[in-house]
C-alpha cells in the first residue's frame, strides 16, 4: 500500500507540477540560443542605417553577410534577413552605424542553396563620434 501511494504521488507530481528528470532537448530553449537572440535584437535596435558614412565617423570597416533565400526569387524578407546580418556583424565589431548597404542576388554555381536564391550584402560599418 505504501509503495502504491509513493507511485501515485510521483505520477501526480509528474502530471500536475511538470516534474521531470529529463532536460529539455529543444534547441530553442538553450541558453546560448536565447543569448544570441538577445544580442541580435540589441544589434538591430542599436545599429542605424545611413545613406553615406557621416564625416564624424570613426573606425570605418567593411562587413558582409550572405545566406540562402527563402525561395527561388529575392524577396523583401530575404533582404531584411541579410540587413539584420549586417547589423549584427557591425555591432559585434563595436560599430553603431552602417552605410552604403548593397544587397543583391549572388551566383551559386555550386548549388549550395538547393533551388533557393543565394544572396549577400555588404556595408561600411562605423562608430559615429558624439
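A short reminder: the numbers here are calculations on the coordinates, not readings from a lab. Quick caveat: nothing in here was measured; it's all calculated off a predicted structure. Cβ: placed from backbone, ideal geometry, glycine included. Neighbour counts: every protein chain shown.
Values for this structure:
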read-out	value
Euclidean distance between Cα centres, segment 45-74 to segment 98-130, Å	8
Label point distance in nm, residue 56-residue 113, each placed 7 Å from Cα along Cα→Cβ	3.9
Residue order, fewest to most beta carbons within 10 Å, for 100, 45	45, 100
Order of 103, 98 - criterion: other Cβ atoms within 10 Å of each residue's Cβ, fewest first	103, 98
Cα gyration tensor shape of segment 31-84, rounded if a/c is under 1.5, else prolate or oblate by comparing a/b with b/c	oblate
